[in-house]
Amino acid sequence: MAPRLLLGIFLALVAVAPHVVSEFHVTLLNYIGLSALVALGLVLLTGVGGLTSFGQAAFVGLGAYATAYLSIGEGLPGWLSMLGGSPWLGLLVGLLVTAVVAYVLGLLTLGLSGHFLPLGTLAWGLSLYFLFGNLQFLGGHTGLAGIPALSLFGYPLKEGRSFFYVIWGVVLGAVWLSKNLLDSREGRAIRALKGGVVMAEAMGVDTTRSKTVIFLVAALFSCVSGWLYAHMQRFVNPTPFGLHLGIEYLFMAVVGGAGHVWGAVVGAAVITVLKQWLQDLLPSLLGASGNFEMIVFGIMMIVVLQRAREGLWPMLTRLVPQRSTPSAIEDAPALARKALPEPGKVLLEARSIVKRFGGLVANNNLDLTVKAGEVMALIGPNGAGKSTMFNCISGVDSATEGEVLFCGQEVTRLNSRQIARLGMSRTFQHVRLLPAMSVLENVAIGGHLRGSKGVFPAMLHLERMEEKRLLAEAARQVERVGLKDSMFEAAGSLALGQQRTLEIARALCADPCLLLLDEPAAGLRYLEKQALAELLRKLRSEGMGILLVEHDMDFVMGLADRVVVMEFGEKIAEGLPEEVQRNPAVLEAYLGGVD
């Protein structure tokens, strides 16, 4: 069954629902829609971006209170009186207030990592909840009543049935915007957050900006939900915006399928209906009222999370037979490329590099150069400091002493994103891919800096030509490294050797003039190594410089133009491969073999 047919069936059901179900069920569907809007923001924030938040209910409250305060219009200060009485102005002000508050809170909390981030969201979620109850102009814990109904084209929306289409129209619009965002250059940057900050920044992604974007989008979705809630209920107080609701919204996203946009709708429906069902069923079974439904609800949630780790949406999609269609990449004009330097020109020069970690000296007074059109190999036993040197060169870490020049510009204190923009790209010792994304999409992350369209064009689907060009470039690089047959497969399904080759394709998609390859041949079979060596020779002939760390000496000695040998953070030899192989210091360091 085609996805478009499924979507058509769903839209038809939404269209007829108010006409075939009772008023109670219409109200239940309205609450599902309001919750789905908040959960959708959490899909972007938590499921895609990997940032856990328990405080989204507070943003719902900001939207609800902003429109309630302005729409009622009583007792407004003079400078606000001109905005009073209009729900639509209430929406605009609510979005503005939410954006400012979310931006400030994002600055305070998004830099936190591990368990500190969710704890931070708990803190400001509680703070805003108690703030709503303690501000007297917002009615304190009593709340605000008399909120006017919405009116569309002169038609007042006073009943649940008429409000239904507004709520679900907004939900479907938010789903469309979210899918557009994720299916774009900006969306890949957001997904790259789960691959780690180091990888994303090395590909040119501004991870701080990407985190802020999804935090703001999630907050604004919650604000709109609060605005709709206020005008549907026509009364607000702090109770619906407490921490327990924030936790419940997160449950909805996770249970539905935190990595899937439609999972937000499924999760909101399941949890809302389940809670209502338990509230009706348990008192009749137990003969008493209380919070028994919360106990049973919690147990059921644990069972769901154990049985469906990825959420319910992936399970549902597996139950519906999908009509497979061959994937293809549309032809598009090639992206602009930087001219490669003349062969022999010095691309990289590291001078007297020292890197200390406390009392440990990882690199000590290291020098090396890499020229255009050559392969420089950096070798040494495990723990010699090769990867640390890589990180100092690529901007992951800053050297304690010394300087790094790239294309004649000092980059010692630049971060990896800034250095990537200049034309340096790299792979990693431990493969850093997004396993659930396709090979093509992983490679396209490398082309992030070659696009320019931002968040709003992406959400409104206005960047299609740039997206076609980026994907076409990614496809060319996939084919270039010999992975054409796996282009649309999940990256996590590839063998380790293929994943390393995929990382090279991703690095090439950035259009670099210098490649830093950290053990690219590890895990490759003999023929794969031969193909990789041939690819690197071709890149060298085109004028690209390559700095290579590798433990396979046969691979290195048959490919490298020059070799630098390290031991205990220091350079002990440099020269042609045959010279290095005969060097007594090298033979002693390796004890007759490679570690």
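The values are calculated or read from the model by the stated rules, or taken from the named source; none is laboratory data. All figures in this text were calculated on a predicted structure; none of them were measured in a lab. Don't worry about glycine lacking a Cβ; one is built from the backbone with ideal geometry, like all the others, and counts go over all protein chains shown.
Only residues that are of a type in the set (Val, Ile, Thr) and under 24 Å from Glu467 (Cβ atoms) were counted in the range 157-202, giving 2. Within this structure, Glu570 fails the test of being over 17 Å from Lys386 (Cα atoms) and of a type in the set (D, E, K, R). Any idea which of (1) surrounded by fewer than 19 Cβ atoms within 10 Å (Cβ to Cβ); (2) modelled with pLDDT under 95; (3) part of a helix (DSSP H, G or I) is the one Gly173 doesn't satisfy? With (1) surrounded by fewer than 19 Cβ atoms within 10 Å (Cβ to Cβ); (2) modelled with pLDDT under 95; (3) part of a helix (DSSP H, G or I) applied to Gly173, the lone miss is (2). Residues that are small (Gly, Ala, Ser) and either within 21 Å of the chain's Cα centre (by Cα) or within 21 Å of His260 (Cα to Cα) (or both) within the range 150-200 comprise Gly169, Gly173, Ala174, Ser178, Ser184, Gly187, Ala189, Ala192, Gly195, Gly196, Ala200, listed in sequence order. So, Gly47, is that one among the small types (Gly, Ala, Ser), free of Cβ contacts under 8 Å to residues at least 60 places away in the same chain and out of contact with any Leu (no Cβ under 8 Å at 6 or more places or on another chain) or not? Criteria not met by Gly47. Give the residue that is farthest from Ala219 (Cα to Cα), with candidates limited to residues of the range 106-137 that are free of Cβ contacts under 8 Å to residues at least 60 places away in the same chain and in contact with a helix residue (DSSP H, G or I) (Cβ under 6 Å, 6 or more places away or on another chain). Once the filter is applied, the top-ranked residue is Leu112. The test for being over 30 Å from Ile295 (Cβ atoms) and buried (at least 22 other Cβ atoms within 10 Å of the Cβ) holds for Leu181.
Condition (residue is of a type in the set (Val, Ile, Thr), outside any loop (DSSP other than H, G, I, E, B) and in contact (Cβ under 8 Å) with a residue 60 or more places away in the chain) applied to the range 350-370: is it met by at least one residue? For the range 350-370, residues of a type in the set (Val, Ile, Thr), outside any loop (DSSP other than H, G, I, E, B) and in contact (Cβ under 8 Å) with a residue 60 or more places away in the chain: present. Suppose the filter is surrounded by fewer than 24 Cβ atoms within 10 Å (Cβ to Cβ) and either more than 20 Å from Ile419 (Cβ to Cβ) or touching a helix residue (DSSP H, G or I) at 6+ places or on another chain (Cβ under 9 Å) (or both); does Arg500 pass it? Answer is no for this residue. With respect to the conditions (1) modelled with pLDDT of 95 or more; (2) of a type in the set (A, V, I, L, M, F, W, C); (3) farther than 21 Å from Lys453 by Cα, Leu131 lacks only one, and its number is (1). Of the helices (runs of 4 or more DSSP H) lying entirely inside the range 219-316, those containing at least 2 residues that are in the same structural domain as Tyr165 (by TED's automatic domain parsing) and either in contact with a Phe, Trp or Tyr (Cβ under 9 Å, 6 or more places away or on another chain) or of a type in the set (Val, Ile, Thr) (or both) are 243-257, 261-286. A Cβ distance below 9 Å, combined with a sequence gap of six or more or placement on separate chains, defines the contacts here; from the range 224-245, residues that are on the phi > 0 side of the Ramachandran plot reach residues that are surrounded by fewer than 17 Cβ atoms within 10 Å (Cβ to Cβ) and not in a loop (DSSP other than H, G, I, E, B) in the pairs Arg234/Ala145. Cβ-Cβ under 9 Å, sequence separation 6+ or interchain: first residue in the range 149-163 and under 15 Å from Ala230 (Cβ atoms) and assigned by TED's automatic domain parsing to the domain that holds Tyr31, partner acidic (Asp, Glu) and modelled with pLDDT of 80 or more. Which pairs? From residues that are under 15 Å from Ala230 (Cβ atoms) and assigned by TED's automatic domain parsing to the domain that holds Tyr31, the pairs are Gly160/Glu23.
For the range 138-165, filtering for residues that are among the β-branched types (Val, Ile, Thr) and within 13 Å of Arg234 (Cα to Cα) leaves 1.
Table: residues versus (1) surrounded by fewer than 17 Cβ atoms within 10 Å (Cβ to Cβ); (2) basic (Lys, Arg); (3) modelled with pLDDT under 90.
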residue: Thr207; (1), (2), (3): no, no, no
residue: Lys211; (1), (2), (3): no, yes, no
residue: Val224; (1), (2), (3): no, no, no
residue: Val255; (1), (2), (3): no, no, no
residue: Val261; (1), (2), (3): no, no, no
residue: Phe297; (1), (2), (3): no, no, yes
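Considering (1) among the polar types (S, T, N, Q); (2) farther than 16 Å from Leu524 by Cβ; (3) buried (at least 16 other Cβ atoms within 10 Å of the Cβ), the lone condition that Ser493 does not fulfil carries the number (3). A single entry from Gly90, Gly63 fulfils the requirement of being at pLDDT 90 or above and part of a helix (DSSP H, G or I): Gly63.
Each row is one residue, and each column tells you yes or no for (1) closer than 27 Å to Arg191 by Cβ; (2) surrounded by fewer than 24 Cβ atoms within 10 Å (Cβ to Cβ); (3) not hydrophobic (A, V, I, L, M, F, W, C).
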residue	(1), (2), (3)
Ala15	no, yes, no
Thr27	no, yes, yes
Gly55	yes, no, yes
Tyr65	no, no, yes
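Exactly one residue out of Gly482, Gly451, Gly492 is more than 28 Å from Gly173 (Cα to Cα), under 20 Å from the mean Cα position of the chain (by Cα), at pLDDT below 95 and not assigned by TED's automatic domain parsing to the domain that holds Ala533, and it is Gly492.
Applying the condition of being acidic (Asp, Glu) and surrounded by fewer than 17 Cβ atoms within 10 Å (Cβ to Cβ) to the range 338-372 and asking which residue is nearest to Val411 (Cα to Cα) yields Asp367. Among what's in the range 418-459 and is touching a helix residue (DSSP H, G or I) at 6+ places or on another chain (Cβ under 8 Å) and without any contact (Cβ under 8 Å) to a residue 60 or more places away in the chain, pick the residue that is nearest to Phe488 (Cα to Cα). Looking at the filtered set, the residue picked out is Ser438.
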